[in-house]
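J.: Next up is a structure, given as C-alpha cells.
The values are calculated or read from the model by the stated rules, or taken from the named source; none is laboratory data. Model, not experiment: these values are computed from the prediction. Virtual Cβ from ideal backbone geometry, glycine too; neighbours counted across all protein chains shown. All accessible areas refer to the heavy atoms of the entire protein, side chains included, with ligands and DNA or RNA removed. Shrake-Rupley method; radii C 1.70, N 1.55, O 1.52, S 1.80 Å.
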Amino acid sequence: MRVSDSLVEKLLKSTGKLTAEQIESLQKEEKSQKKPLQDVVVSSNTLSEKELTKLYAEEIDVPFVEITARDLHKEILELIPERVAKQYRAISFDIDQDGTVYVALEDPDDIPAINFLQKQLGKPVRIHIATASNIQAALDRYDGDGTSVGTELEKVIAIQEKDDSDEVVDKADVAEDSPIAQTINLIIDYGVRNGASDIHIEPRENFVVVRYRVDGILREANKLPRKVLGALVSRIKILSNLKIDEHRAPQDGRFKIVVSNHVYALRVSTLPIVDGEKVVMRILDESSKPATLEELGFWGYALKAVQQAIVQPHGMVLVTGPTGSGKSTTLFSVLSMLNSPGVNISTVEDPVEYRVVGANQTQVNPLAGMTFTSGLRALLRQDPNIIMVGEIRDGETADLGVQAALTGHLVFSTLHTNNAATCLPRLLDMNIEPFLIASTVRIVIGQRLVRRLCPDCREDYTPDEKRLAELGKIFDLNNTETMSLLHDFEKSALEAGIGATSPSKTNKRDPSQLGTTTTNITKLWKAHEEGCDSCNHSGYHGRMGIYEVLRNTDVVQQLIVSSATSENLQEQAIKDGMLTMQIDGLVKALRGQTSIEEILRVTAEKA
C-alpha cells in the first residue's frame, strides 16, 4: 500500500488527534529523512501501520481485514498459487457458501492484479485490504511447514559430517559466514516458521539432538554430528554476549533476529550436563501485538470479572498456574491494555520476557542484591500507579504486595498453585492476615494452556454410551441439572463467538452447531489421526487458554476471614458464577476448539 503524502495528511487531520504543528513537524521530518510521509508516520509511532491502513480503507471504501496467519485454512490459502500470491501480495482467506472468494490485498487499487486474480480463481472475488506485515505473515504460511529450511539444514549437516577435523573450535568455525553460523540460522529459522516456543540443543554421547517445543509438546527434529557441539555452543554464546570460555557454570543471555519482517528475541540459557553443554533458546515475538482478553480465550463471566478488576484504582490481581501455563502472556496483555502516557507502570520480573513500551521493567539479579522483595520495595518509592511482581515466592514479597495494594496501587502478580481457590489459603500460609487478603485481593485467575484442534482436519463424532459414562463421571454430569447448565454454558459460548473460525459474515452462530442438549452430549471433536499439512500432521495447531476466575465477593471475603478451606472457597465461587478450568475447557471442546483428551491432560483430577 502506497498512499500519497496529501492523502496521508488528510487522514491525519481526520483523526482529530494531531495539531497542525504536529503534522507540520512530521512533514519536516519527511523532507529531512527523504522518506514518504506514510513511512514517517508509522516509524514515529504517530499511527500504527494498522491504524493508518484502517483509515485508508475507510477513505477508499474497501473493507479492512486483519488475518491471523496460523488460522488460515491451507486449501483456501492455496486457491491462489504461491508464485501469484507473492507477485501480487494477495491472500485468499475465506470462501462463502455462494463460492465468493475473500481476498486480502496490500494494494486494493491494483486493478491489473484484481483482474488477473479473478481469471486465476474463476470465481467471484471480494477484495479486502490488509497491512503489509499481515500480508507477509500470511505469505509465510506457504512454506510454513519448514520443509525448505529442513532440506537446507540437511545439506549443511552433510558438509559437516564429511569434515574430518576434530572438536577443537577456532575463529573460522564461528565466523559469520561459517557452516556453523549457517546451521544456527537454519535451526532458528525452522523453529520460528514452525511456531516453536523453545529450541533445545542437547548433547548426547555420540550426537547432538535438536528438539523444538511446539504447542507445548517437545518434538525431535534433527541429529547433528557430535563434533560440531563446541562450535555450535560457542556461536550461540557469541550471539548472546556470553563467556565462550566458561563451560562449568550456567549462563543466561539474549539476542535478537529478524525473520519475515518480525523481530524475535531469543532468551538463551546454557547448562553443563554430563555429555557437554545444553542450550535452550526461548523464542519471543517482539513484533506481535498483545492479544486481547477475548483472543486469549476469556469469555462470559470470566471476561467480565477480569475487565472489572483491572480498572479498579487499587487492589491485587493474582494469576496462578504451573510453569508454562501462560501466566506471563496474560499479564503482558493486561498491562498493555492499561498502558498509557498518564500511568506509571513498573515491574520486577525474572526474567523480563515481554517488553511493554512505556513501562519500567526491572530484571531480578540476586547476585547484585536485586530480588523480588528489594525490587518491590524500591518500586514503591518510584511513584507507580500499577505494579507487576513476576512471582510471589515468600511471605516478605507477599506482605509488600498487600501493603502496596492497601496504599493505593494496583498490583499484579503470579503464584504457583493448582487452581484459583488454593491461592488464597496459600497467602495465609505466608503469614498474611486473613482480613488483609479479604480487603486487597480483587480476583484470582487460574489457567492452563491446551492445544487447539487444527481447523483444517479436526473431526466431529458422536460419543457412545461408554464415553458418555466416562465424561459424566469426570465432569460430574450425571444429573439433569448439571447437563442443563452445561447446555446453557455452551449456548452462551456460541453467542460469545467461541468456536467461530471464519472471519466471513456467512459464519452465523447457528444453534444447530451445539454439541449438547439439556439432557445429553451429542457431538464432540477430536484430532485427525494423521493430521494434515497445516498442522504438520499432528492434529493440533496453536494453543489457547482455559480459565477459572474467582471473584472476591462479600461472601468469599467472609470465608477468607474465617480461614475457610480452598474447597469451601471453590464451592462459593461456583455459586457466584465461576466456571472451573475443567468446565471452561469442556465448553471449548464442545465448540470444536480443543479435545477432551487435551483438557484431561492438563486438568485431570479424577480417574
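J.: Of all beta bridges DSSP finds with both residues in the chain, what is the antiparallel percent, to the nearest 5?
T.: Expressed as a percentage, antiparallel bridges in the chain total about 65.
J.: Note down the nm distance, to one decimal, between modelled labels 7 Å out along Cα→Cβ at Ser48 and at Ser133.
T.: Result: 0.8 nm between the two label points.
J.: Which aspartates and glutamates does Lys86 reach when only Cα atoms under 15 Å apart count, and residues fewer than 8 places away in its own chain are ignored?
T.: Hits, sequence-local ones excluded: Glu78, Glu106, Asp107, Asp110, Asp140, Asp143.
J.: Shape of the range 533-607 from its Cα gyration tensor (a ≥ b ≥ c, root eigenvalues): rounded if a/c is under 1.5, otherwise prolate when a/b > b/c, or oblate?
T.: prolate
J.: Explain nothing, just compute: Karplus ³J(HN,Hα) = 6.51 cos²θ - 1.76 cosθ + 1.60, θ = phi - 60°, for every residue of the range 427-432 in order, whole Hz, x for Gly and Pro.
T.: 5, 5, 5, 8, 6, 8
J.: Counting only trypsin sites (Lys or Arg not before Pro) that sit in a DSSP loop (anything but H, G, I, E, B) with at most 15 other Cβ atoms within 10 Å, what is the longest stretch of the chain containing none of them?
T.: 35-203
J.: Next up: Tell me, in nm to one decimal, what length is gained between Lys223 and Gln363 on full extension, where the rule is 0.36 nm per residue of separation less the Cα-Cα distance?
T.: Extra length from Lys223 to Gln363 when fully extended: 46.9 nm.
J.: Please list the radius of gyration and Dmax for the range 184-269, considering alpha-carbon atoms only, with Å as the unit.
T.: Radius of gyration, then largest Cα-Cα span, for the range 184-269: 13.0, 38 Å.
J.: Which FRET efficiency value, to the nearest 0.05, is calculated for Glu353 and Gln513 with the Förster distance at 45 angstrom and r the Cβ-Cβ distance?
T.: The formula returns an efficiency of 0.75 here.
J.: Going by the alpha-carbon gyration tensor, a ≥ b ≥ c the square roots of its eigenvalues, is the range 267-411 rounded (a/c under 1.5) or, if a/c is not under 1.5, prolate (a/b greater than b/c) versus oblate?
T.: Because a/c hits 1.5 or more and a/b fails to exceed b/c, the range 267-411 counts as oblate.
J.: Give me the distance in nm between label points sitting 7 Å out from Cα along the Cα-to-Cβ direction at Arg126 and Val258, one decimal.
T.: It works out to 3.6 nm between the two label points.
J.: Cα centroid distance between the range 347-367 and the range 35-82, in Å?
T.: 31 Å
J.: With θ set to phi - 60°, apply the Karplus curve 6.51 cos²θ - 1.76 cosθ + 1.60 along the range 567-579 and write out the HN-Hα couplings as whole Hz, x wherever there is a Gly or Pro.
T.: 5, 4, 5, 5, 4, 5, 4, 5, 4, 6, x, 5, 9
J.: Quick one: which residues, 5 or more positions from Met370 or on another chain, have an amide H under 5 Å from its amide H? H modelled 1.01 Å from N in the peptide plane, none for Pro or chain starts.
T.: Distant-sequence amide H within range of Met370: Asn365.
J.: Just name one of Ile437, Val233, Pro179: the one whose Cα is farthest towards the positive end of the charge dipole of the chain (beta-carbon charges, Lys/Arg +1, Asp/Glu -1).
T.: Ile437
J.: Quick one: if the Förster radius is 45 Å, what FRET efficiency do Arg601 and Gln382 give, using the C-beta to C-beta distance and rounding to 0.05?
T.: 0.60
J.: Kindly provide the helix-only [θ] at 222 nm of the chain, computed as the sum of -39,500 (n - 2.57) over DSSP H runs of four or more divided by all residues, to the nearest 500 deg cm²/dmol?
T.: Computed ellipticity for the chain at 222 nm equals -11500 deg cm²/dmol.
J.: Then there is this: Using θ = phi - 60° and the Karplus form 6.51 cos²θ - 1.76 cosθ + 1.60, what ³J(HN,Hα) does each residue of the range 526-540 get, whole Hz, x for Gly and Pro?
T.: Values per residue, Gly and Pro as x: 9, 6, 5, 4, 9, x, 8, 4, 4, 10, 6, 6, 9, x, 10 Hz.
J.: For the chain, just say rounded, prolate or oblate: build the C-alpha gyration tensor, square-root its eigenvalues into a ≥ b ≥ c, call rounded for a/c under 1.5, and beyond that prolate if a/b exceeds b/c, oblate if not.
T.: Judged from the Cα gyration tensor, the chain comes out rounded (a/c under 1.5).
J.: In nm, to one decimal, how far is the Val311 label point from the Lys491 one, both placed 7 Å along Cα→Cβ?
T.: Inter-label distance under the simple model: 2.8 nm.
J.: Which percent of the accessible area of the range 241-367 is formed by carbon and sulfur heavy atoms (probe 1.4 angstrom)?
T.: Its accessible area is 54 percent carbon and sulfur atoms.
J.: I would also like to ask the following. How large is the charge dipole for the chain, taken about the Cα centre, if only the Cβ atoms of Lys, Arg (+1) and Asp, Glu (-1) carry charge, to the nearest 20 debye?
T.: Approximately 440 debye in magnitude.
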